[in-house]
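Asks: This is the structure, below, for whatever I ask next.
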Amino acid sequence: MDAEDVRGFREFVDHRSSALLTTAVLLCGGDRHAAEDLLQTALVKAVGKWRRIDDPEAYVRRILYRQQVGRWRLKWPRREISVAEPPDFGPGGGRTEDQIATRLLMREALAALTHRQRTVLVLRYYEDLPEGEVAQLLGCSVGTVRSTTHRSLAKLRALMPEAAGGRPGTTRSFSSLESSEVRS
């Protein structure tokens, strides 16, 4: 890499790493440390091909998704680690107690999903990708994306009936939740 490529890569990391980290945190079920590892791996893979990449953000995001899919295929899956206390947002943190409680419930519910379910929901509702693109990124059929989305939302509704209008099994969509409640 020449000096111009190094400068371009550093600028990309400076400007886009926080958005990429948010996606990685969601893919990892709220585990910030695993998300940082996932993003670091993606950036290391991208820097080696930096000169040949046309759309760096799309390329790095694709690496993130594929690395996460690779974790599903591990023979011994990594166990989720729970913490005793919720993170401290400081005095108010600009959020109401209800918003904080909803975010924590959503994070818990997302962590209860399988890696595959969580990844499909992140790609469909947080990244707002169409089913065909999600299927292509994950290397599966559109039907698999649809069924996984359906089962994932059903499981979230069961875990968080209050977010689904207070009744388990209701048809209200989780995409109607404020996007800030899902983001970490």
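None of the figures in this text is laboratory data; all of them are computed from the coordinates on show. Fair warning: this is a prediction, and the values are worked out from it, not measured in the lab. Positions of Cβ are backbone-derived with ideal geometry, glycine not excepted, and every protein chain shown enters the neighbour counts.
Asks: Around Leu123, what is the net charge, scoring Lys/Arg as +1 and Asp/Glu as -1 over all other residues with Cβ under 14 Å from its Cβ? Walk me through the intermediate numbers first.
Replies: On the way: positive: Arg61, Arg62, Arg66, Arg116, Arg118, Arg124, Arg146; negative: Glu127, Asp128, Glu131, Glu133.
Neighbourhood net charge equals +3.
Asks: Spelling out what I want: for every residue of the stretch 128-135, take phi, set θ = phi - 60°, compute 6.51 cos²θ - 1.76 cosθ + 1.60 (Karplus), and round to whole Hz; glycine and proline get x.
Replies: 6, 8, x, 4, x, 5, 4, 4
Asks: If we count every other residue with Cβ under 14 angstrom of Ala3's Cβ, Lys/Arg +1 and Asp/Glu -1, where does the sum land?
Replies: Details: positive: Arg7, Arg10, Arg51; negative: Asp2, Glu4, Asp5, Glu11.
Neighbour charge sum, excluding Ala3 itself: -1.
Asks: Subtract the Cα-Cα distance of Gln40 and Glu127 from 0.36 nm times their separation in residues, and report this length gain in nm to one decimal.
Replies: On the way: separation 87, 0.36 × 87 = 31.32 nm, distance 1.97 nm.
Length gained between Gln40 and Glu127: 29.4 nm.
Asks: How many nm is it between the label spots at Ala3 and Thr22, if each spot is 7 Å from the Cα in line with the beta carbon?
Replies: Spacing of the two 7 Å Cα→Cβ label points: 3.5 nm.
Asks: Starting from 0.36 nm per residue, how many nanometres of slack lie between Leu105 and Arg32 once their C-alpha separation is accounted for? Display every interim value, and only then the final one.
Replies: Details: separation 73, 0.36 × 73 = 26.28 nm, distance 1.66 nm.
Full-extension gain reported as 24.6 nm.
Asks: Return the distance in nm (one decimal) between the two label points of a simple spin-label model at His15 and Trp50, each offset 7 Å from Cα along Cα→Cβ.
Replies: 1.4 nm
Asks: Could you tally the net charge around Lys45, taking each other residue with its Cβ under 11 Å from the Cβ of Lys45, Lys/Arg +1 and Asp/Glu -1?
Replies: Numbers: positive: Lys49, Arg62, Arg66; negative: none.
Taking every Cβ under 11 Å from that of Lys45, the sum is +3.
Asks: Work out, step by step, the length gained on full extension between Glu162 and Asp98: first 0.36 nm times the residue separation, then minus their alpha carbon distance; give nm to one decimal.
Replies: Between Glu162 and Asp98, full extension yields 21.8 nm more.
Asks: Convert each backbone phi in the stretch 47-53 into a coupling constant with the Karplus relation 6.51 cos²θ - 1.76 cosθ + 1.60 (shift: θ = phi - 60°), then list the ³J(HN,Hα) values in order as whole Hz, x for Gly and Pro.
Replies: Per-residue couplings from phi come out as 5, x, 10, 3, 5, 9, 8 Hz.
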